[in-house]
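*Asks:* To start, I am sharing the structure in question, which I have written as structure tokens.
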Amino acid sequence: MGLFDSFKSLFHQTVLKMQGKALTPQQEEELLSTLISSDFSLKKAQTLLETIREKGNSTDVVREVLLNSAPPFEPLNDTSVPSVFFLIGVNGVGKTTTVAKLSHMYASKGKDVVVVGADTFRAAAQDQLSTLVQNMPVTYVGGDRGSDSASVLYKALSEHSHASLFLVDTAGRIHTSKALIDELTKLIKVSKKFSSDYPQEILLVLDGTQGMQGYRQAISFVKGAPITGLVLTKMDSTAKGGMIFSIWDELKIPVKLLCFGQQLTDIDFYTPEKIVDAILGDDYNA
């Protein structure tokens, strides 16, 4: 199963097979059901169907609707030197692995990267991150379990002021946990002691397979942190696509990165075209 396969399968059974012809009520119901099960909001699914009715049943129409509904491309704010990125999210979404992938990506471009292990809450967090980056040309700054994560960040920022980029792995937050949200607020305040521009990015990492659960996490996190962008992980598995559209509709948070696979190079910048072409599949370009 690949990116958006659940939607793509029925899409091929309806739009592609019925191009130029009106969808039957049964086909409309099936397509609407599949869109919703793929985590499109009811409003977005209905808009897509209404546009098909108005403009005709074709891949060009569907592609236009999806492109117009998808989050626009927005690059990472990494032009300042140094830049500070916080990565936040619940445990298990691939946050620490994403830090390692970003470290590899920027180090490969010759950037002076400092990886900050500010997750002093989870027992294995320091070992996992330090192991992932140990063979990279990056600097790792961590702390013992239970130590003050803000002190770890302060040490990194004060001792490595000439770095190009700080990548800060934070504690995996249950999005309803006030204590952990308060800790994130403290980290932000510490970074701003060095520059009012810090952090340039607060990236919320979401598991692409979790669908509307990820949407609910975004709703909760945005109440406690000024999130600047999303990272969607596990996009090579049974990821559902509608969550992207729903989060953009409600919160206007752009998607900045897509992660897929287990290799350090399995990370890419988001663009609307990549998502929509993945939804439509190879048949669109045939």
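*Asks:* Relative to the longest principal axis of the chain, what angle (0 to 90°, nearest 10) does the C-alpha long axis of helix 149-159 take?
*Replies:* For helix 149-159, the angle is close to 70 degrees.
*Asks:* Whole-Å semi-axes of segment 108-260's equivalent ellipsoid, largest first, each the root of 5 times a Cα gyration tensor eigenvalue? Intermediate values should be presented prior to the final figure.
*Replies:* Working: eigenvalues 136, 65, 50 Å².
So the equivalent ellipsoid measures 26, 18, 16 Å along its semi-axes.
*Asks:* In Å and on Cα atoms, what radius of gyration and Dmax does segment 181-244 show?
*Replies:* 13.8, 42
*Asks:* Ok, one more. Over the Cα atoms of the chain, what radius of gyration and what Dmax do you get, in Å?
*Replies:* Expressed in Å, the Cα Rg and Dmax of the chain come to 20.5, 66.
*Asks:* Still on this model: Hey, if you drop one equal point scatterer on each alpha-carbon of segment 32-189 and run the Debye formula without solvent, what base-10 log of I(q)/I(0) do you get at q = 0.19 Å⁻¹?
*Replies:* Each listed q maps to, in turn, -1.06.
*Asks:* Plugging the Kirkwood radius over Cα pairs into Stokes-Einstein for segment 64-105, at a temperature of 10 °C and a viscosity of 1.306 mPa s, what D comes out in µm²/s? Walk me through the intermediate numbers first.
*Replies:* Working: Rh = 13.1 Å.
In µm²/s, the coefficient rounds to 121.
*Asks:* Sequence neighbours fewer than 8 away in the same chain don't count; with that in mind, list the aspartates and glutamates whose C-alpha is under 16 Å from K155.
*Replies:* By straight Cα distance, K155 reaches D119, D144, D169.
*Asks:* In sequence order, what are the phi-derived ³J(HN,Hα) couplings for segment 68-80 according to the Karplus relation 6.51 cos²θ - 1.76 cosθ + 1.60 with θ = phi - 60°, rounded to whole Hz, with x for glycine and proline?
*Replies:* Karplus-based 3J(HN,Hα) across segment 68-80 equals 6, 9, 6, x, x, 5, 9, x, 5, 8, 10, 7, 6 Hz.
*Asks:* Could you give the angle, 0 to 90 degrees to the nearest 10, between helix 95-108's Cα long axis and the longest principal axis of the Cα atoms of the chain?
*Replies:* Tilt relative to the chain: about 80 degrees.
*Asks:* Go ahead and estimate [θ] at 222 nm for the chain from helices alone: -39,500 (n - 2.57) per DSSP H run with n ≥ 4, summed, over the residue count, rounded to 500.
*Replies:* Working: 12 runs with 127 residues, N = 286.
Calculated mean residue ellipticity at 222 nm is -13500 deg cm²/dmol.
*Asks:* Same structure, new question: Ranked highest first by the average count of other Cβ atoms within 10 Å around their residues, in what order do 111-119, 38-46, 219-227 fall?
*Replies:* Highest-to-lowest ranking by the protection proxy: 111-119, 38-46, 219-227.
*Asks:* I'd like to check one number: the per residue accessible area of the chain, probe 1.4 Å, reported in Å² as a whole number. Don't jump to the answer; show the numbers that get you there.
*Replies:* Numbers: 12570 Å² over 286 residues.
Per residue, the chain has 44 Å² of solvent-accessible surface.
*Asks:* What part of the accessible area of the chain, given as a whole %, is carbon or sulfur when the probe is 1.4 angstrom? If you can, show how the numbers build up before the last one.
*Replies:* Values: 6230 of 12570 Å².
Exposed carbon and sulfur together represent 50 percent of the surface.
*Asks:* How far, in degrees from 0 to 90, does helix 242-251 lean away from the longest principal axis of the Cα atoms of the chain, to the nearest 10?
*Replies:* 70
*Asks:* Now for a separate question. Which Rg and Dmax, in Å, describe the Cα atoms of segment 152-220?
*Replies:* Rg then Dmax for segment 152-220, in Å: 14.1, 41.
*Asks:* Continuing with this model, one more query. Can you grab the distance from the C-alpha centre of segment 154-222 to the C-alpha centre of segment 47-123, Å, no decimals?
*Replies:* 15
The values are calculated or read from the model by the stated rules, or taken from the named source; none is laboratory data. Since the model is a prediction, treat every value here as computed from it, not as a measurement. All Cβ positions, even for glycine, are placed from backbone atoms using ideal geometry, and neighbour counts span all protein chains on display. Side chains are part of the model used for accessible areas, which takes the heavy atoms of the whole protein and leaves out ligands, DNA and RNA. Shrake-Rupley method; radii C 1.70, N 1.55, O 1.52, S 1.80 Å.
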